Amino acid sequence: MSLRKLSILFILTASLIVLSFSGNERKSYFGLNGSRDIVLQFNTYNGYGNNLYLDNVRTGERTANDITVTSVINIPYDTVYSVYSSGTDTVSPLISVSNIGTSNSSDTVRVYLRIEPGNYFKDTSISALSAGQTAFVRFSTFEYSIGTPYFITSYVSDAFDSNYTNDTLKEYAISLPGFRRNVLFEEFSSNASPACANNNSFINQFTNTNIQTVNAIVYHTGILGNDTFYTYNPVQNDARKRYYFIAGVPITFVDGIHTASIPYGDSTNLYKPYLRRYDLGTPVSLSVSDENLGDSIRSTINVNVISHLIAGDYRLRVNAIERYKTGILPTLNGETEFYDIFRKMYPDTNGFIIDLSPGNYSYTYTYYKDPEWVDSMLYTTVFIQDDQDREIINSAKSREIVINGSRPEPVMAYSYKADLFSLNCGDCNYFLPVTGSDSLNSALNVELFEGVFPPLNWKLYNRDGFLTFEQFTGANGPTISGLRSAYINFFNYNIIGQKDSLRTKVFQNLYSTDSVKFDYAYAQYNSTNIDSLIVTISTDGGITFPTEIFRKGGLALATAPQTSSGFIPQNNSQWRVYSFPLNNIVSVNNYSDVIPSGFRLDQNYPNPFNPETKINFELPVSGIVSLKIYDITGREIYTLLNRFTAAGKHSFTFNPKEKGFDLSSGVYFYRLITNGFSDTKRMVLIK
């Protein structure tokens, strides 16, 4: 067993610079009323204890009958990359529908799905839903073109529904040209660890079975005692250990951002993160070939970037790997066979800084071949990693060496389709406020964490750049059923004292009779390693958070018995529901008469235009607003607006030449996205 708890304090300062361009905004009307709008911030402080779960974050009041579309599970929101470089692909849309009311529905609910362009319009029915129940509806196959943006609308029809404000979900999606990826498993091991001995045979079998699509690197550590693979290259093994903040073994990172759960003998724990990555396309293809020069290896690495990537700190890392070794001196844990042994990284563990603008690139690196390495087992593994968030974009190896006979056919012991997440219904609850007294209750705003994570207009603040809030499949809060929740993996989070924050969207149009509620679950690891959760409220759009509504840590936070294993809530009894009244937070104020009655995005004028054009839009409520320009391929080229924006009428001027953009004549698109509304319009630039 690894040393589970060490007195370790790492201090890491990470800076994230976000650059956007603002247009010239003219506000015809201004009507911000923050007293009815709140933002929640969940702040956690890590004590290297045990896992914390959150679910069903909500404001407003549950009505008796309320059926809503919560998410499009398998069509990603916004921009992703296909596993194909061109042509078409298909998807069978999977929609989740929830009864977020307090009463059981007794009638049949009709569910509709429209996708444009494509003239796709389907409907189906589901049987009655119990209060808090979620159902999943599979629609017939939709064929879509790679690189074409699509607009998806799903809604429900229920004769007894008493809240129509949240019946419709809208989202925008585009799948840009990409490639099928190879998935990299980086394991940290030790010859002195019994836990490694118990698990390594399973991960070795897994990589052997899936050798065509899985690349593996095993770093050896000196955590528990002498390890000859570690002492061969302690500097670089330690450097990678520090890179991932490793304090115990075994632990395996999948493409740098997921971890494979112990035990590896449970095939779901290896196949689940593998398929989650394998089913996601990547804009970069990567290959490597080796030429044996006698005492050295010359590796030629080819990189093809087909679509634009977001800005990052991309590094190409070249590794000498020994596929298999046996017959070494006796080990402390009894292991005798070792696979995918990390030998050296070139030129060092920092790798090469590379440009990932679209295009084809070729790199050559020659490294010395140590006589200690078995030549027939030597190969080169390369991978591209973004050092800003540690995500591995793609990986490749120079040859496939199958051990113990021919390569077996992959066996999917766990049937799992990657979660390509989408917008959650909680972002669709919008209506105009009433004036006067608060004798009415506002409709329910709820986030179930069933769709995209973080949800649309929610934000993560991860100071150390390591573990933070993520989505967990397999644990769900008791208030409203589903498959997922948000959690933070304190059990493996060894950077003691770090703060991580999950900030909600703006919950709008609340009443003094409303409450903030959420489900949470936590178990202590011991009395020494204490994690804590503090929840605060903002009434100025998320600028300041002066009001604290929840503060608990350790035993006071615990909802389940203490455990030395990674905590996963097993039933509803291991959750708690917290409620905080808003009577002292929100108040009664009248909105100005000039506030628009609905959302609207106008056609730009003039159109066609040269050199500039105006874009006008209207907001009935305040919120985070994004207004962006795209070219005809769907590539984002300009950000006019991306911030909290007051309710009212707004006007922006778009003049690309003024901002240094030399755009060619042609068709462009501008897209407005805000809570519960999105729209895209076409404009033409003529020179």
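The values are calculated or read from the model by the stated rules, or taken from the named source; none is laboratory data. The structure presented is a predicted model; accordingly, all values stated were derived computationally and were not measured. Positions of Cβ are backbone-derived with ideal geometry, glycine not excepted, and every protein chain shown enters the neighbour counts.
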Selection over the stretch 349-389 where residues are among the charged types (D, E, K, R) and surrounded by 13 or more Cβ atoms within 10 Å (Cβ to Cβ) yields a count of 5
Being at pLDDT below 95 and in a strand (DSSP E or B) narrows it down to one residue among A135, A195, A128; which is it?
A135
When you scan the stretch 267-278, how many residues do you find that are part of a helix (DSSP H, G or I) and of a type in the set (S, T, N, Q)?
2
Matching residues, the stretch 204-241, being buried (at least 19 other Cβ atoms within 10 Å of the Cβ) and either acidic (D, E) or touching an Asp or Glu at 6+ places or on another chain (Cβ under 6 Å) (or both)
I211, A216, I217, V218, H220, D227
How many residues does the stretch 530-580 hold that are within 26 Å of the chain's Cα centre (by Cα) and among the basic types (K, R)?
1
Would you check which residues across the stretch 317-343 are over 21 Å from P250 (Cβ atoms) and crowded, with 20+ Cβ neighbours inside 10 Å and list them?
R317, V318, A320
Please work out if Y144 is hydroxyl-bearing (S, T, Y) and farther than 30 Å from V305 by Cα.
no
G147: passes all of (1) assigned to a strand (DSSP E or B); (2) among the small types (G, A, S); (3) under 22 Å from the mean Cα position of the chain (by Cα) but (1)
Across (1) at pLDDT 95 or above; (2) of a type in the set (D, E); (3) crowded, with 17+ Cβ neighbours inside 10 Å, D419 clears everything bar (1)
Take the stretch 282-306 and flag every residue that is among the small types (G, A, S) and either part of a strand (DSSP E or B) or at pLDDT 95 or above (or both).
S285, S287, S289, S296, S299
Of all residues being in a loop (DSSP other than H, G, I, E, B) and not polar (S, T, N, Q) in the stretch 90-109, which is farthest from G132 (Cα to Cα)? Just the residue, please.
P93
Condition met for L309 (in a loop (DSSP other than H, G, I, E, B), in the same structural domain as D255 (by TED's automatic domain parsing) and under 33 Å from the mean Cα position of the chain (by Cα))
yes
Output the residues belonging to the stretch 150-171 that are farther than 18 Å from N675 by Cα and in a strand (DSSP E or B).
Y150, V156, S157
Of the residues in the stretch 312-332 that are outside any strand (DSSP E or B) and free of Cβ contacts under 8 Å to residues at least 40 places away in the same chain, the one that is nearest to Y81 (Cα to Cα) is G327
Collect the residues in the stretch 494-525 that are under 23 Å from R576 (Cα atoms) and aromatic (F, W, Y), keeping them in residue-number order.
F507, F518, Y520, Y522, Y525
Inside the stretch 151-180, can you point out the residues that are touching a Ser or Thr at 6+ places or on another chain (Cβ under 9 Å), aromatic (F, W, Y) and surrounded by fewer than 19 Cβ atoms within 10 Å (Cβ to Cβ)?
F151, F160, Y172
Complete set of residues in the stretch 540-560 that are touching a strand residue (DSSP E or B) at 6+ places or on another chain (Cβ under 6 Å) and in contact (Cβ under 8 Å) with a residue 40 or more places away in the chain:
G541, G542, F545, G553, L557
Taking the condition at pLDDT below 90, buried (at least 18 other Cβ atoms within 10 Å of the Cβ) and not small (G, A, S), does N104 pass?
no
